[in-house]
1. For segment 29-40, which residues satisfy the criterion of being under 20 Å from Glu54 (Cβ atoms) and open to solvent by less than 80 Å² (accessible area, probe 1.4 Å)?
2. Tally time: how many residues in segment 232-251 are modelled with pLDDT under 85 and either in contact with a strand residue (DSSP E or B) (Cβ under 6 Å, 6 or more places away or on another chain) or not in a helix (DSSP H, G or I) (or both)?
3. Of Glu144, Glu153, Glu127, which residue is among the charged types (D, E, K, R), modelled with pLDDT of 85 or more and surrounded by fewer than 17 Cβ atoms within 10 Å (Cβ to Cβ)?
Amino acid sequence: MKRCVVSVRGSRQRHGVAAASLQEFNEKALKLLDVDPAKGPATLVLAEDGTIVEDEDYFLCLPEGTEFVLLTGNKKWSPSSTDGGTMWLTQESVEQDDVDSSNPLPRWKVLAAQLRQNLSNIILFSEADFQALIDVQTEDLSREIAIPVVKAEMLKSTLQGLLDRREEERQSKELLELYIKAMNKDGTEEASMDETDSEAGRQGEPSKKGPLSSSVITILRGKRAPYLSLSNEQLEAVCAQNPEALSMALNQGAEHIENLQAACAEELQKRSEQVQCMNSLSSASQAKRQNLP
C-alpha cells in the first residue's frame, strides 16, 4: 500500500490516503476532498513540482508521504514560497492567467525542493538532474535545501562521484565489448592457421585464450598489483591473451601490457616454486617420521 497526502489550494487541511494502485488513490482522494469529476476537470498533481502522475509504475516508486494537490477548472500548479523564494513551505495552484510563462522555475530549484521534502527522492533523479545540481553554486543549493554549506558541498561531491562511476562503467562495458570482438576475430584467425591447437581443444584440453571475464578485467584495470589478486588459472589466462586485444580491453599501451603479462608470469612461477618447496618439505617430514623408532 502506498501512503500519500492530498490537499486543496488555500486549505490547511491535509488528508492521508492509502492505496494499492494509482486508480484507487485517485478515487479515494477525490472522495475525501468531496470532488465530483463529472462536474468539471479535476486533476491531482505532485505538490512539489506539479507533475501529473499517470503511470502506475511511477506512482509506486514515489516515496512514502508524497503530497498531492488538487487542481480544478482552469487552475494550474505553481510554487508558493516565502523568504524570497528560498523557503518552500507550501505548494499550490493558481489561475492560468497568473502564471508568468516567460520566467519558468529553474530545474535545479524543483529538484532542490524535492530533496528538501525527502532526500530519498534522489533515487528518482536522472544523470541530467545530477549535473543540474552539481552546476549550482554551493551556497544557493544550501539555501534551497536548507542544509549547511558543508553538507551541500558533500552532496555535490557525492553526485559527481556517482556520475563518474556511471561513466566509468559505460566505458568499461564498451571496452569489454571491443575486447571480446577482437578476441573472437583473433581466435577465428588462429583456428584457421593452427590445426594443432584445434585438435587439442577437441580432445578436451581447456583453452586459455578465451576472453577474460569482466571481473578479471576490473581487477586488471583497478588494482596497482593485480596479479596478487588473481588465481593461478586467471594468471595463466592473462599470460595467454593476445597483447593487442588486452591493450584494447584495458585501454593501456603496449609497454604496460608487456609488463603486466610478465608480472603475471613471474607471479605464476613464484607460486609454482612455493608449491614445489612445500611438497619437498612435506615429503622430507614424512620420511623423517617413518624413520623414527
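1. Scanning segment 29-40 gives Ala29, Leu30, Leu33, Val35, Pro37, Gly40.
2. Of the residues in that region, 1 qualify.
3. Working: Glu144 fails: surrounded by fewer than 17 Cβ atoms within 10 Å (Cβ to Cβ); Glu127 fails: modelled with pLDDT of 85 or more.
Step by step, each of Glu144, Glu153, Glu127 is checked, and only Glu153 is among the charged types (D, E, K, R), modelled with pLDDT of 85 or more and surrounded by fewer than 17 Cβ atoms within 10 Å (Cβ to Cβ).
The values are calculated or read from the model by the stated rules, or taken from the named source; none is laboratory data. Since we're looking at a predicted model, the values are computed, not measured. A quick note on method: Cβ atoms are made from the backbone with ideal geometry, for glycine too, and the neighbour counts reach across all protein chains shown. Keep in mind that these areas ignore ligands, DNA and RNA; they rest on the heavy atoms of the full protein, side chains included. Shrake-Rupley method; radii C 1.70, N 1.55, O 1.52, S 1.80 Å.
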